[in-house]
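Scroll down for the structure; my scribbles are underneath it.
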C-alpha cells in the first residue's frame, strides 16, 4: 500500500507540472509608418481547430487579447490596440451565455506609438491573450514580454516634431519621468467602477491615522491566538488517545525510571526535560513553517486550489488508513537511527533524541491532526499563529509523560492498550474524512467551480456522521476491529451525539443557518434552494461600484474584508449578521460591500503596485482587495469591518472578530451617528 501512496503523490506532482504545447506561434516587431509614428505589431499563426479571442469581450466572458504598457519613455500611445488584416468571426457560447469574437489561423494586432525622443525610447510591458481548442475546449494563456529600446526602432524612424498629444496613464512624454507603478485609480475592475464625488485616488488613499483616532472595536487578535492555542491543545489531547501515542506513555516513563533507579529526583528531572524537548520540537516546526513561507504566503497557500486539493487527497488517504485499509508509517530506518542516537548519547542530548523518536513513531496518527492545525493557523494571518498552535499541541502531548514520571503509581490505573484504541483511530478516520471536505470546499469557493454547494456538503456530512453513529453502536465493523460484545456507556453517548449532530444538519438542506458548523460549511449563498430569508447579502462585491452607489443614495458604507477560506468570517455571518437588529442596520442603513481577499479570479490585466517599499503585482481580484486592505487601512487579517463615508473616509472604529452582538450593534450605530454629524457640518 505504500506504493499506492507514492503513486498518488507522484500523480499529483505530475498533474501540477504538466504543461501543454503551445498551439500558436507569434512574431512581434516595430514598423515605421512615417510622420514619427511606429506600429507595434504582433502577428499570430494559429493551429487548425484553435482560435484566439477578440480585443473586446463582454464582461465575465473569456480572456480578451490585451496589451499592457508598464513603462513608456520617449514616445506616446496613439489610440488603442486594434486588429488589422484579420477576419473576425463571432459565435454564441452556451457556457458563457454570450456572443463574442475570435480569430482563426492568423491574427495581427497593432498598437500605434508616436516617437518623441528616439534616443530615450523605452517600452516595457506585456501582450496577453488566450488560445482555445474547438475540439475539447482546452484553453492556454499567452504572455509575451515586451522590451524595446532605441536599437530596436527602425533606422528610418524620425521623431515627431510635436509631442503635444499628451500621454495616457502610466506613460511619460519626451524628457518626462518614467511612471513604473500603476496609479490606484486604474485598478478599476469593471466599467461599473466609475469616478464618484471623490476621485479614485482619494478612495484608495491611506486612512490609517484617521482610523486610529476612532480606535478599534472587537479587535481580538490576542483572543484569536488564545483560541488557536486551545485548538492545538485539544488536538494534542486527541493525539494522546491514538494507538501510536498511548502505548508509548508507560513504555517511555518506565525507561526513565529504570534509567534513574537510585534517584527519583533525577528521574523526574529527566522526564520534565523530555516533556520540554517535545514542546521545543513541535514549536520549532511551527516557527520553521512560518519562517520559510511567511504569514501572508501561508494565508495565500491556505486558499490555493492546488494546496487544498493536495491536502484534501492526503486527508482522504489518512482516513482510509485509519479505517484499516493499510498502515502509513515513516521509514523504520529513521526511527532506528533515533533509537541508536538515544542509546549512544547521554544527558540532555539523549533525552532530545528520545523526544524526536516519539515524534517520528507517532507521525501516522499525529500527522493529520498537525496538518489540519497548521492550515487553520496559517489562515489567521498572524505570523506567530503556527508556532502558538504547535505549542498548545506539544503541551498537551508532553504533560502526561511528565506527570506519570512524577507519579508512576498512576500507570497502574491507566487503561491498557487494546481494541478501544483502534476504535479511537476509526473515529478519527471519520472526522478526517469530514474535514477533508472542508479543504475541497475552500478550493471550490475560491476558484468558483461550483462542485460542492452547501446542500452537497451537508448531505455528505450527514452520511458520514450517521455511519459514525452506526459504527459506535457496533453495527459496522472494519478491519482490525475487535468483537464488540456489548456497547459501553461512553460509546453509547458518543453514538447519540453523532446521530443528533446528523439530524441537526438536516434542516440546513432547506436553508437553516446551522450556526454550529458555519465555520466549515459553504456559505448560504451557494444554496440552490432555501426557505430561510434571514441572511444578509452584500449589495456589492466591487469597491468603486459600491462607493458610487453610496454617493447616489447618500448612505454610509461598511466594507467587509472577508475570504472564502476564512473560518471566523463564516462565524460572524452566521451568529452576528443573522440577528434581526444587525440585519436591519446592514440592509437598510448601510451600503454593504464584501471584498473577498482570496478570490482567485484573474484580473483582466495585471497591475504593479508598491506596498511597504516593495513592488508587487496584483494578478487576481483577491490580490486587489488584499492590497486595498493593507494599503488603505494597514490591516491584513480577516474578518475586518470598516465604516466609511462615500468619499472613502472613516466614520467610526474598525471591527475585527468578536461575536458580541450588542458590541457589533454599537459599532454600527456609532458609524451612523458620525455620518449624520458629517452631513450636518457640510450643510
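Can you put 52, 142, 456 in order of Cβ neighbours within 10 angstrom, beginning with the fewest?
Fewest to most other Cβ atoms nearby, the residues stand as 456, 142, 52.
Just want the ordering: 675, 520, from fewest to most Cβ atoms lying within 10 Å of their own Cβ. Intermediate results must be reported in sequence, preceding the final value.
Values: 675 21, 520 16.
Sorted ascending by nearby Cβ count, the order is 520, 675.
Which of the three applies to the range 550-683, rounded, prolate or oblate, going by the alpha-carbon gyration tensor with a ≥ b ≥ c and a/c under 1.5 meaning rounded?
Judged from the Cα gyration tensor, the range 550-683 comes out oblate (a/c at least 1.5, b/c at or above a/b).
So, in nm, how far is label residue 158 from label residue 665 when the simple model puts each one 7 Å beyond its Cα toward the Cβ?
Simple spin-label model gives 7.9 nm for this pair.
How much length would be gained if the chain were fully extended between residue 487 and residue 451, taking 0.36 nm per residue of separation minus their Cα-Cα distance, in nm to one decimal? If you can, show how the numbers build up before the last one.
Details: separation 36, 0.36 × 36 = 12.96 nm, distance 3.88 nm.
Taking residue 487 through residue 451 to full extension adds about 9.1 nm, to one decimal.
What distance in nm separates the simple spin-label points at residue 210 and residue 105, each placed 7 Å from Cα in the Cβ direction?
In this crude spin-label approximation the distance works out to 5.8 nm.
By its C-alpha gyration tensor, with a ≥ b ≥ c as the square roots of the eigenvalues, how is the range 538-590 shaped: rounded for a/c under 1.5, else prolate for a/b larger than b/c, else oblate?
Oblate, because a/c is 1.5 or more while a/b does not exceed b/c.
Expressed as a whole number of Å, what is the distance separating the alpha-carbon centroids of the range 431-492 and the range 47-83?
The range 47-83 and the range 431-492 have Cα centres spaced 49 Å from each other.
How many nm separate the modelled label positions at residue 579 and residue 85, each set 7 Å beyond the Cα in the direction of the Cβ?
Reported label-point gap for residue 579 and residue 85 is 6.9 nm.
Extension gain residue 25-residue 533, at 0.36 nm per residue separation less the Cα-Cα distance, in nm?
177.6 nm
Could you give the length gained by full extension between residue 477 and residue 679, i.e. 0.36 nm per residue of separation minus their alpha carbon distance, to one decimal place? Spell out each step's value before the answer.
Details: separation 202, 0.36 × 202 = 72.72 nm, distance 6.96 nm.
Gain on extension, residue 477 to residue 679, equals 65.8 nm.
If r is the Cβ-Cβ distance from residue 525 to residue 504 and R0 is 25 Å, what FRET efficiency results, to the nearest 0.05? Before the final figure, lay out the partial values.
Values: r = 21 Å, r/R0 = 0.85.
The calculated FRET efficiency here is 0.70.
Quote the FRET efficiency, to the nearest 0.05, computed for residue 134 versus residue 552 with a Förster distance R0 of 41 Å and r equal to the Cβ-Cβ distance.
Working from the Cβ atoms, E equals 0.40.
How do the peptides 312-319, 592-599 rank, highest first, by the average count of neighbouring beta carbon atoms within 10 Å per residue?
So the peptides 312-319, 592-599, ranked by packing, come out 592-599, 312-319.
Semi-axes of the equivalent ellipsoid for the range 419-522, please: Cα gyration tensor eigenvalues, times 5, square-rooted, ordered largest first, whole Å.
29, 15, 10
Please arrange 132, 139 by how many other C-beta atoms lie within 10 Å of their C-beta, fewest to most.
Lowest count first: 139, 132.
Here, each number is a calculation from the coordinates, and none is a lab measurement. Being a predicted model, the structure only gives us computed values, none of them experimental. When we count neighbours, we look across all protein chains shown, and the Cβ atoms used for this are built from the backbone with ideal geometry, even at glycine.
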